[in-house]
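Read-outs throughout are calculated quantities, based only on the coordinates presented, and are distinct from any laboratory measurement. Predicted model only: the values in this text are computed from it and were never measured. As a convention, Cβ positions derive from the backbone with ideal geometry for all residues, glycine included, and neighbour counts pool all protein chains shown.
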Ligand SMILES: [Zn+2]
Ligand SMILES: [Zn+2]
């Protein structure tokens, strides 16, 4: 391919991804901007002189490519789905970035770690995770961020905030201490091989799940509060972030509750769960009608109830999640929400991006490089202490087939290039 043709091909590929993603997003009544096109009149007058790859404003977000203004927030959906895994939607996970440089993850549900990787943000900046509750669709990929992040540049402990439960065994501290124990083989097997700093025990802040508008985080001009939620058992919470005159609310799973109605009021952007409709739960998830009614309307928030809650709190942008957002499900969800709410609305899908300022909320889709590699670490790596390697037993060590002759040239080349004297084991 000539380079010009290659460029056109890449442009067309991107266009298809963005167009499809834009339709999936199905945002409605929001303040986002429409697709911007090249000056059509100029193009028509000079068809042969206008390159189709000429730089222009495009209506997608390329990861890690735009600085935020000092007063701007950016929210990216890293998971909008459900406990049942699917390629199109990971489970609940939201990255909030602030103009002061802070980044926060709210939930880290199953499958979301790869979406987080797609952001191409150095892992040192992804060290703060807030858990709404301990269902796997809200914290099932914490192990992936913990280990994979430590391996790829997080040079400090992972900080995690989460609620207590009605008993100590149902609290965040218990869950994470046992997750850390469950990873004993994984951690021991890495000892002495890589930078150890990211593998330290989670830095856990467990707070009272019954706290109402209680401050659980206050650093660098950012205040995060929690309010209780009503979901499955005592314990779940929602979060309210206030910074620089902007208010962001992340609702974890809940039956609609009075704390959200009171404390989420006036949010610039409010995320709230919105469950799949009861008929679709029966038809597509094979729930019994009894279970569909109980789970879809009592344990979670039905679309009509989502709309009613948004009509109460009146956010500048309402974001619905926790449903499989497809061509044959989103219209019924939208219709039911619209029976009780007519304000700005995003029916979220993974990789949807919101830029929020006091004057504007822009909604776009992110383009994704499937073949992403970790970004450079933001700090110098620390050499491992090889003396803490845990040796194989003699029986296992003696099972090595001798490959030293074919591996030695790699040692020679690397030792020469980097001025080292590393030896094979
Ligand atoms: Zn849940
Ligand atoms: Zn959930």
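The length gained on full extension between residue 369 and residue 244, counted as 0.36 nm times the residue separation minus their Cα-Cα distance, comes to 41.8 nm. Each peptide among 164-174, 393-403 gets the average number of other Cβ atoms lying within 10 Å of its residues, and from highest to lowest they stand as 164-174, 393-403.
A Gaussian network model of the chain, with springs between Cα atoms under 10 Å, assigns the largest mean-square fluctuation among 288, 357, 223 to 288. Along each principal axis, taking the top coordinate minus the bottom one, the Cα set of the range 60-366 gives 59, 45, 36 Å in descending order. Projected onto its three principal axes, the C-alpha set of the range 47-189 covers 70, 35, 32 Å, listed from the longest axis down.
Protection proxy ranking for 334-344, 312-322, 372-382, using the average of other Cβ atoms within 10 Å per residue and placing the highest first: 312-322, 334-344, 372-382. Full extension of the chain between residue 166 and residue 194 yields a length gain of 6.2 nm, computed as 0.36 nm times the residue separation minus the alpha carbon distance.
Length gained on full extension, residue 415 to residue 125, computed as 0.36 nm times the residue gap minus the Cα-Cα distance: 101.2 nm.
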